[in-house]
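Report on one structure; see the data block that follows.
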Amino acid sequence: MSLLVLNAGSSSLKFSLFAEQEDALLLRQHGRVEELLGESRLVATDAAGVRVEDRAFGAPLGHGGATALLLARFLDHDGIALRAVGHRVVHGGSHHAAPVRVDAAVLADLDALVPLAPLHQPHNLAPMREIAARHPGLPQVACFDTAFHRTQPDLAQRYALPERITARGVHRYGFHGLSYEFVARRLADVDAAASRGRTVVLHLGNGASMCAMAAGRSVATTMGFTALEGLPMGTRSGSIDPGIVLYLMAQGLDARAIEHMLYHESGLLGVSGVASDMRVLEASADPRAALAIDFYCYRISRELGSLAAALGGLDALVFTAGIGENSVRVREAVCRQAAWLGLGFDAAANRRHGPCLSLPGSRVRAWVIPTDEELMIAGHTRDLVPA
C-alpha cells in the first residue's frame with residue numbers, strides 16, 4: 001500500500017509518494033507540477049534524488065489538471081495500491097486541532113475559512129474537490145498548519161481588539177505547525193531533556209516563524225492571524241506598525257496593492273533590493289544584501305528574547321527548514337546573539353551543520369534538526385485511514 005501527500009500552492013502542486021513497509025513509511029518518489037497557470041511541467045525524482053521524469057506540457061494544467069495527472073500516475077504505481085491522499089492545509093480555524101478525514105461537510109467548513117487565508121486556502125482545497133469528483137471512494141485526510149498551536153493559552157492567542165472583532169475569529173492562529181510537530185517528535189530522540197523542557201524552534205525558510213514549546217507543546221509563536229506576522233521572510237514583511245498600512249491607504253494605495261507589497265515585495269527582497277533567496281544574498285558583495293541578512297538575524301534575536309520570556313527560560317534552540325538547516329552564517333549570528341541566555345556556541349560544529357551546535361556544558365543547547373512535513377502528513381493519513 002502507498003500514501004500520496006499533496007501540497008498545493010498558488011502556482012505549483014508538490015507531491016510525495018510513500019510506501020508502507022511494516023511500521024515504516026518509505027519515500028518512493030517526490031516532485032512537483034509547476035507553472036500551473038502557464039506552461040506546466042512535471043518534475044519527479046526518486047528517494048535518492050535521481051530524476052525519473054521531466055515532462056513539459058506546453059499549456060496550463062491548473063490545479064484540477066495537475067491533480068488528475070498525479071492520480072493517473074499513482075493510483076496503481078508499480079503495482080502498489082494507493083490507500084489514501086493526505087493534504088497540507090494552511091488553515092484549520094479554531095475548531096480543527098487535529099487532522100481529519102475529508103468529506104463534504106469538512107470541505108464546506110474549510111471553504112468558510114478562505115477569508116482567513118485567501119492566498120493559500122483555495123489552492124489547498126482545489127485538489128480535494130478534484131479527487132472527490134473523480135474518485136469519491138479514495139479516502140482523503142486534511143492536515144493543518146494551525147492545529148499544533150491550538151494548545152496555546154488564551155492570552156497567547158488574543159489581540160487587543162474589540163470583542164465584536166475577536167468573535168469573528170480574529171486572533172492568533174500560528175502556522176508551520178506540521179513542521180513544529182515533526183521537530184518536537186524528533187527532538188525527543190536527540191535531546192530528551194530538552195523535549196521535556198523549554199525549547200524554541202526556528203523554522204527558517206522562504207516563509208519563517210518561531211515557536212516556543214513547553215514539553216513539546218506550543219506555548220507561543222511569531223505568526224498570528226495570517227502567515228504575514230512575525231519575522232521578515234523571503235518576500236513577506238513580517239510584523240510592521242499597522243499605522244503604516246493606514247498611512248499607505250491615505251496615500252492612495254488600495255488593499256490589493258498593499259497586500260501585494262507586503263506579501264511579494266518586502267522581506268529580504270525589499271530590504272536588499274537584490275534577492276529573496278538567502279543563498280543569493282550570502283554570495284552577494286552588495287552591502288544591501290549584508291544589511292538584509294543582519295536585519296533578519298536581528299529580528300530573530302528579538303523574537304527569541306520574547307519567546308524565552310513566554311517560556312520562563314530556555315533549555316534548547318532548534319534550527320530547521322531551508323535556511324535553518326543550511327545557513328552557517330545565520331545560525332552563527334543567532335547563536336552568538338543568544339549568549340546572554342547561556343548558549344555556548346561551537347563554531348566548528350556549526351560549519352559541519354551539527355547536529356549539535358553548542359559546546360559541552362552549555363546551559364542552553366542548540367541543534368539542527370531537518371524537518372519533514374510530508375512524512376508528518378503521511379503518518380497522520382495512515383493513522384486515520386487504517387488498512
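The values are calculated or read from the model by the stated rules, or taken from the named source; none is laboratory data. This structure is a prediction, so every number in the text was calculated from the model and none was measured. Virtual Cβ from ideal backbone geometry, glycine too; neighbours counted across all protein chains shown. Accessible surface areas use protein heavy atoms only, side chains included; no ligands, DNA or RNA. Shrake-Rupley method; radii C 1.70, N 1.55, O 1.52, S 1.80 Å.
What is the Cα convex hull volume of the chain when expressed per residue in Å³?
Taking the convex hull of the Cα positions in the chain, it is 159 Å³ per residue.
Hey, with R₀ at 30 Å, roughly what FRET efficiency would Glu332 and Val280 work out to, going by the Cβ-Cβ distance, to 0.05?
So, using R0 = 30 Å, E works out to roughly 0.95.
Explain nothing, just the number: dipole magnitude of the chain about its Cα centre with +1 on each Lys and Arg Cβ and -1 on each Asp and Glu Cβ, in debye rounded to the nearest 20.
In debye, rounded to 20, the chain gives about 640.
Quick check: residue separation of Trp340 and Leu138 times 0.36 nm, minus the Cα distance between them. What number comes out in nm?
That pair, Trp340 and Leu138, stretches by 67.4 nm at full extension.
Where only protein heavy atoms count, and the probe is 1.4 Å, what is the accessible area per residue for segment 1-46 in Å²?
For segment 1-46, the solvent-accessible area averages 44 Å² per residue.
For segment 114-213, with every protein chain kept in place, what is the accessible area per residue (1.4 Å probe, Å²)?
Ligands and nucleic acids excluded, the result is 40 Å² per residue.
Just the number please: accessible area per residue for segment 325-374, 1.4 Å probe, all protein chains included, in Å².
On a per-residue basis, segment 325-374 sits at 47 Å².
Just to verify a number: FRET efficiency for Leu246 and Gln21, C-beta to C-beta distance, R0 = 35 Å, to 0.05?
According to the calculation, E is roughly 0.05.
Can you tell me which of 101-107, 241-247, 341-347 comes out highest on packing, and rank the rest after it, using the mean Cβ neighbours within 10 Å?
341-347, 101-107, 241-247
Please check: in the Gaussian network model of the chain (C-alpha springs, under 10 Å), which one of Phe144, Phe182, Phe74 has the largest mean-square fluctuation.
Looking only at Phe144, Phe182, Phe74, the largest GNM fluctuation is found for Phe74.
Give the distance, in whole Å, between the Cα centre of segment 178-240 and the Cα centre of segment 94-169.
20 Å
For the chain, with all protein chains present and a 1.4 Å probe, just round the carbon and sulfur fraction of the accessible area to a whole percent.
Here carbon and sulfur together make up 54 percent of the probe-accessible area.
For Arg172, list long-range residues whose amide hydrogen, built 1.01 Å from N in the peptide plane, is under 5 Å from its own amide hydrogen.
Arg158, Tyr159
For segment 125-231, run through the trypsin sites (Lys or Arg not before Pro) and keep only the ones in DSSP coil with at most 11 other Cβ atoms within 10 Å of their Cβ.
Arg168
Starting from the 7 Å offset along Cα-to-Cβ, what nm value, one decimal, do you get for the label separation of Ala105 and Val52?
3.8 nm
Cβ neighbours within 10 Å, averaged per peptide: list 222-233, 62-73 in order, most packed at the top.
222-233, 62-73
For helix 287-311, report the angle its Cα long axis makes with the longest principal axis of the Cα atoms of the chain; keep it between 0 and 90° and round to the nearest 10°.
90 degrees
Just subtract the alpha-carbon distance of Leu161 and Arg302 from 0.36 nm times their residue separation and send over the number in nm, one decimal.
Working it through step by step, the gained length comes to 48.4 nm.
What's the local net charge at Thr146, with K and R +1, D and E -1, over the other residues with C-beta under 14 Å away?
For residues surrounding Thr146, the net value is -2.
Considering amide H positions built from the backbone, and no H for Pro or chain starts, which residues 5 or more places from Gln29, or on another chain, come under 5 Å of its amide H?
Leu17
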